[in-house]
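**Q** Sharing a structure here in structure tokens format.
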Amino acid sequence: MQTALQFGPVLVHFDRLMHGVVQTLYLSFWSIILGAIIGILGAVGRSFGPRWVSLPIAAYVELIRNTPLLIQLYFVFFTLPLLGLRFSSHTAAIIALSVHLGAYATEILRAGVESVSKGQLEAARSLGLKPYRIIRHVVLAQAVRAVYPALSAQFILQLMGTSIVGAIAAEELTAIANNLVMDTFRSFEVYITIAVIYFVLIQGASLFFAGLGRLLFRWKV
């Protein structure tokens, strides 16, 4: 028995799918920004901070990288309210996604920080540069350039990772697609459609980060 594909009932709801795209990009944007900030602070703290700073950061990285993102989402949305911290589904999704990305970004950036030679740090100190200027202009500038391909790939994975936040009732592309399946009973067509949309989003993100890298790192080393 063969069933003819019918995309009409799905494309009628194209505005809902576009709303899902907007929500996916919104979640991705803020979680990438916040995750990158966490990663920078974590990498600097773990590489240059005292043991009472570096050890908790190391514990955070290991905890987050060795537990599923879905469990982290559940913890923020269902467990923290028991402690008096209640968030909306979208806010909880951004928090969990940011914390998750921050752990990976910390390790990626730490590898970049450690690639900077100690001779350059000693030269900067001999010139009288203050520690924060050394970290900003000598260490981070080179570290980010060295690990940018890996870091941008992690950012793209973050965009795809938003597809599970529907588990805590946050609206994004996959969650809306699941609702469309229940409304139209055209699961094959719905998931083909969002697969194409995700492909376009990922390719667009890849081109964006590639262009951003060429813009930011035009100098030669």
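**Q** Name the residues in region 127-164 that are modelled with pLDDT of 90 or more and more than 19 Å from Leu212 (Cα to Cα), would you?
**A** Selection gives Met160, Gly161, Thr162, Ser163, Ile164.
**Q** Under the condition of being free of Cβ contacts under 8 Å to residues at least 40 places away in the same chain and among the aliphatic types (A, V, I, L, M), which residue from region 97-122 is nearest to Gln158 (Cα to Cα)?
**A** Of all residues in region 97-122, those free of Cβ contacts under 8 Å to residues at least 40 places away in the same chain come to 111, 115-122.
Filter again for among the aliphatic types (A, V, I, L, M), leaving 111, 116, 121.
Numbers: Ala111: 20, Val116: 27, Leu121: 33 Å.
So, considering only residues that are free of Cβ contacts under 8 Å to residues at least 40 places away in the same chain and among the aliphatic types (A, V, I, L, M), the one nearest to Gln158 (Cα to Cα) is Ala111.
**Q** Looking only at helices (runs of 4 or more DSSP H) that lie completely in region 61-148, which have at least 1 residues being among the β-branched types (Val, Ile, Thr) and on the phi < 0 side of the Ramachandran plot? First the steps, then the outcome.
**A** Numbers: elements: 69-74, 89-114, 118-126.
Result: 69-74, 89-114.
**Q** Here's something else I'd like to know. From Gly204, Gly211, which residue is without any contact (Cβ under 8 Å) to a residue 12 or more places away in the chain, surrounded by fewer than 17 Cβ atoms within 10 Å (Cβ to Cβ) and either in contact with a Pro (Cβ under 6 Å, 6 or more places away or on another chain) or over 27 Å from Ala141 (Cβ atoms) (or both)?
**A** On the way: Gly211 fails: either in contact with a Pro (Cβ under 6 Å, 6 or more places away or on another chain) or over 27 Å from Ala141 (Cβ atoms) (or both).
When all the criteria are applied, what remains is Gly204.
**Q** To continue, here is another question. For Val190, state whether it is under 17 Å from Met18 (Cβ atoms) and assigned to a helix (DSSP H, G or I). Explain how you work it out, then say what you get.
**A** Values: under 17 Å from Met18 (Cβ atoms): yes; assigned to a helix (DSSP H, G or I): yes.
Here the answer is yes, as Val190 does meet what is asked.
**Q** Within region 160-177, does at least one residue satisfy the condition of being of a type in the set (D, E, K, R) and within 16 Å of the chain's Cα centre (by Cα)?
**A** Yes, region 160-177 contains at least one residue that is of a type in the set (D, E, K, R) and within 16 Å of the chain's Cα centre (by Cα).
The values are calculated or read from the model by the stated rules, or taken from the named source; none is laboratory data. Please read all numbers here as calculations on a predicted model, not as lab measurements. FYI the Cβ positions are ideal-geometry reconstructions off the backbone, even for glycines, and counts take in every protein chain you see.
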